[in-house]
Amino acid sequence: MIVPIVRLDARNVTKLTAVNGRRSEYRDELLPAFFLRVSPSGARNFGVTYNTPAGQRRRYTIGNAARTSLADARDVARRVLADTIKGHDPQQQKVAERRKRRAGVLTFTDLARRFMRENEARLADTTRYNWTNIIDSEIARGTFGATRPDEITRQDVRELIRRLAEDRPYWANRTFEVVRRVFTWAVSEDLVTATPCLGLRKPTPERPRERVLSSDEIRAVWSALEPEGVIGEAVRLVFYTAARRREVLNARWMEVDLVERL
């Protein structure tokens, strides 16, 4: 393979050719480990070479030059070289991640989000909103969500739900329902072989709430809200819309239509 050294720039990246009809690597004069590989077919890819901590020579492909800018590719090359200084092997890590992706879902969070993508059309709006919120706030942020689905045990599910039930018993029930539904769906899709939720129950008994505030109680609450700022406004919005408390507190501007007042 021919390896000329040139100062790569935005212009010559698109014009350099395979020398004598053979695949050629153009080393960058500014960052010698960084290169542009040009094939006789005209395909061109950025890459970088480095030595592993064990002294092995590696090549890391950054991406197609038609879709990756020279500046971005140089930045990636610098990050790769910086990682090798820290003792990492970026190419080996990339290969490992690729194998995981080919094997299927990486983590329970990945599985839960795939479940939502494939099932959201059949869910009610409120259910879809609440379940997405649970995945983002209770699952994705903890070790439970970072664990591979086939490594999650019944005890892991119990601990997650018990922790939530200490101060948010009904929210713990909703979280358990999401976890249970995701695993049941994953078993039906042959993404996992079994569910750790089998035989487990919701941590908190639920009773229908029939009590409503009287007019005097509503007036008393309204009066108490006057100096409460943002929280007061949130409670007022619950009264005005009959939306759930969590829906109001987690609302985003993209969900509000000021023109239609919806």
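Laboratory data are not the source of any read-out in this text; all were calculated from the coordinates shown. Treat the numbers as computed from the prediction; the structure is a model and nothing was measured. Virtual Cβ from ideal backbone geometry, glycine too; neighbours counted across all protein chains shown.
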* Tell me what the chain gives for mean residue ellipticity at 222 nm when only DSSP H runs of n ≥ 4 count, each as -39,500 (n - 2.57), the sum divided by the residue total, rounded to 500 deg cm²/dmol. => -14000 deg cm²/dmol
* If each of THR52 and GLN92 carries a label point 7 Å out from its Cα toward its Cβ, how far apart are those two points in nm? -> 0.4
* Which peptide among 56-65, 117-126 comes first, and what is the full order, when sorted by highest mean count of other Cβ atoms within 10 Å? -> 56-65, 117-126
* Asked: Which one of VAL179, VAL13, VAL192 has the biggest mean-square fluctuation once the chain is modelled by GNM with Cα springs under 10 Å?
  -> VAL13
* Asked: So if R0 is 41 Å, what FRET efficiency would VAL221 and ARG122 give, r being the distance between their Cβ atoms, rounded to the nearest 0.05?
  -> 0.65
* So what's the range 45-154 giving for Rg/Rh, alpha carbon basis, Kirkwood Rh from the mean inverse pair distance? -> 1.12
* Structure fact -> Ranked from fewest to most other Cβ atoms within 10 Å of their own Cβ, LEU160, LEU111, LEU198 fall in the order LEU198, LEU160, LEU111
* To do: Assign one of three labels to the range 148-242, namely rounded, prolate or oblate, based on the Cα gyration tensor with a ≥ b ≥ c the square roots of its eigenvalues; rounded applies when a/c is under 1.5, prolate when it is not and a/b is larger than b/c, and oblate otherwise.
  => prolate
* **Fully extended contour minus Cα-Cα distance, from ARG158 to LEU249, at 0.36 nm per residue** => 30.0 nm
* Asked: Using alpha-carbon positions, what is the distance between the centroids of the range 1-61 and the range 185-202, in Å?
  -> 48
* Structure fact -> the chain, Gaussian network, Cα under 10 Å: of PRO227, PRO90, PRO203, the residue fluctuating most is PRO227
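Among ARG23, ARG7, ARG180, which comes first, second and so on when ranked by fewest other beta-carbon atoms within 10 Å?
On the way: ARG23 14, ARG7 9, ARG180 18.
So the ranking, lowest neighbour count to highest, is ARG7, ARG23, ARG180.
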* Over all distinct Cα pairs, what is the inverse of the mean 1/r for the chain, reported as the Kirkwood hydrodynamic radius in Å? -> 23.7
* To do: For ILE62, list long-range residues whose amide hydrogen, built 1.01 Å from N in the peptide plane, is under 5 Å from its own amide hydrogen.
  => PHE46, GLY47, VAL48
